[in-house]
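In what follows, a single structure is set out as structure tokens and then discussed.
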């Protein structure tokens, strides 16, 4: 449900002064879809909190929360480096 509401909301936006935070009750499959929607619309996004009941997802324009985006970019780079190292040979 959050997936469809989000798409309708994003299609009607006219500015970039907003952010959406989704409740922790959305399961991991739902969060994955929200990340896919954010990618499709060219938005920044992240999930935070411990796995399970407290994990929340946010999406927002790339002009918002620049510091958080940099932190997420570095975290993803570290994950990619670990994977490269693991499968290097």
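Quick look at the numbers
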read-out: Cα centroid separation - segment 1-56 against segment 67-89, whole Å; value: 22
read-out: Length released on extending from residue 14 to residue 83, taking residue separation times 0.36 nm less the Cα-Cα span; value: 20.9 nm
read-out: For 57, 62, order by how many other beta-carbon atoms lie within 10 Å, fewest first; value: 62, 57
read-out: Distribution of pairwise C-alpha distances over the chain, 5 Å bins, in %; value: 3, 13, 22, 21, 19, 13, 6, 3, 1, 0
read-out: Choice from 32, 73, 55 showing the highest fluctuation, given a GNM over the chain with Cα pairs closer than 10 Å; value: 73
read-out: Degrees separating the helix 66-86 axis from the principal Cα axis of the chain, which is the longest one; value: 40
read-out: Highest-MSF residue in the chain out of 34, 20, 76 [GNM, Cα springs under 10 Å]; value: 76
read-out: Helix-only [θ]222 nm of the chain, DSSP H runs n ≥ 4, -39500 (n - 2.57) each, per residue, nearest 500; value: -16500 deg cm²/dmol
read-out: Order of 29, 81 under a 10 Å beta carbon neighbour criterion, fewest first; value: 29, 81
read-out: Label-point separation, residue 33 to residue 74 (7 Å along Cα→Cβ), nm; value: 3.4
read-out: Pairwise label distance in nanometres, residue 5 with residue 63, each label 7 Å out on the Cα-Cβ vector; value: 2.6
read-out: Degrees separating the helix 2-12 axis from the principal Cα axis of the chain, which is the longest one; value: 60
read-out: Neighbour-count ranking [beta-carbon atoms within 10 angstrom, fewest first] of 60, 40; value: 40, 60
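No lab work stands behind these numbers, since they all come straight from the coordinates. Not measured: the values here are computed from a predicted model. For neighbour counting, all protein chains shown are included, and Cβ atoms are generated from backbone atoms with ideal geometry for every residue, glycine included.
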